[in-house]
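The values are calculated or read from the model by the stated rules, or taken from the named source; none is laboratory data. Worth saying up front: this structure is predicted, and the values here are computed from it rather than measured. A quick note on method: Cβ atoms are made from the backbone with ideal geometry, for glycine too, and the neighbour counts reach across all protein chains shown. Areas reflect the complete protein model, heavy atoms only, side chains present, ligands, DNA and RNA absent. Shrake-Rupley method; radii C 1.70, N 1.55, O 1.52, S 1.80 Å.
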Amino acid sequence: MKGLEFAILRYGYLYNDLGWNVALPDPVSKSCQAKTPVYGKFPCSMILIRHPQASYILYDVGEYPADKAGDTKRPEFWDEYFALEAKREDFLDGQLKRAGLTVDDISAIIISHMHCDHANGLKFFSGTKAGRNVYVSKADFQQGCAVAFAEPDESKTSSAYWRSIFTEPEITYHFIEEDTELFPGVKLFLLEGHTPGVMGMMLELEGGNYLFPNDACGSRLNYGPPAKLPGIIYDSLGFERCIKKLRALEKQYDAKMIFSHDLKEDEQYLHFPDWYR
């Protein structure tokens with residue numbers, strides 16, 4: 001689509017055991033019984049979309065900095081097992097400032113799934129236009145509510161669904177229950193496995209098509225072949241269906257895959273201030 005563009009806003013890195021991203025990435029065997037875990041570095045990104053009709057759209061909003069009195073800090077489990085490396089200016093408000101934008105310039109937000117590293121930045125948008133136009137997977141949102149509200153003390157949670165995200169005031173959610181074209185050239189696909197319904201995205205640019213499976217298939221290792229389950233998994237059979245669907249979409253649209261947490265792949269991507277057109 002002429003005039004449709006996107007930029008990758010990388011806001012930092014998570015450091016964690018590779019096993020969370022890829023279940024049994026290198027299993028021990030009879031002939032090699034002494035292997036050690038891999039403590040990996042995984043990029044975290046948001047996608048800024050410039051749409052000729054719908055203005056600026058965000059696909060995911062990243063984490064939120066606890067830099068003010070009263071702000072919710074990351075739970076202890078997350079600081080220990082998923083350490084975040086990010087400067088204050090790397091978070092969404094700082095990234096938008098680099099682009100000459102503010103949160104008020106965003107018209108809509110697409111959330112791939114409600115895990116903290118993808119959705120906590122919704123706290124920037126309370127009461128804004130974009131905050132009234134947040135598109136989420138209904139299946140994932142329902143699962144997230146069930147998990148988040150079962151833990152009364154967020155500081156003690158080990159889940160990626162945080163209660164404070166769901167309780168942020170003045171956010172209006174619009175639920176997606178099937179594959180749809182949200183705006184011209186912006187297609188959304190529900191993907192099972194990692195959660196009950198990660199919302200993948202296809203952008204049809206004038207220069208080619210780009211497919212974002214997000215954490216439904218977060219790395220080339222997950223995609224394969226052979227496909228390898230993520231360590232954080234809701235439905236293993238759903239993941240198999242997800243991979244089949246992604247391969248069909250990749251072939252149908254001749255699309256380039258953009259993986260959400262793959263350092264090797266990320267090093268080959270363009271990052272803001274460069275744009276894909």
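What to note about this one:
- Residues of segment 218-277 satisfying the condition of being charged (D, E, K, R), under 19 Å from MET46 (Cα atoms) and more than 16 Å from the chain's Cα centre (by Cα): LYS256, LYS264, GLU267, ASP274, ARG277
- The set of residues from segment 65-106 being within 20 Å of ILE171 (Cβ to Cβ), surrounded by 18 or more Cβ atoms within 10 Å (Cβ to Cβ) and modelled with pLDDT of 95 or more comprises PHE91, LEU92, GLN95, LEU96, VAL103, ILE106.
- Selection of segment 114-129 for residues being closer than 15 Å to CYS44 by Cβ and either open to solvent by 10 Å² or more (accessible area, probe 1.4 Å) or among the hydrophobic types (A, V, I, L, M, F, W, C) (or both) yields HIS115, CYS116, ASP117, ALA119.
- Scanning segment 32-62 for residues that are over 15 Å from ASP117 (Cα atoms) and assigned to a loop (DSSP other than H, G, I, E, B) gives CYS32, GLN33, ALA34, LYS35, THR36, PRO37, VAL38, PRO52, GLN53, ALA54.
- Residue, modelled with the highest pLDDT, within segment 130-152, restricted to residues that are open to solvent by less than 60 Å² (accessible area, probe 1.4 Å) and of a type in the set (D, E, K, R): ASP140
- Residue match in segment 199-207 (condition: under 13 Å from the mean Cα position of the chain (by Cα) and open to solvent by 10 Å² or more (accessible area, probe 1.4 Å)): no
- The residues on offer are PHE183, PHE212, and the sole one that is open to solvent by 40 Å² or more (accessible area, probe 1.4 Å) and either in contact with a Cys (Cβ under 6 Å, 6 or more places away or on another chain) or within 27 Å of SER126 (Cβ to Cβ) (or both) is PHE183.
- Scanning segment 215-238 for residues that are outside any loop (DSSP other than H, G, I, E, B), open to solvent by 10 Å² or more (accessible area, probe 1.4 Å) and under 20 Å from ALA139 (Cα atoms) turns up ASP215, SER236, LEU237.
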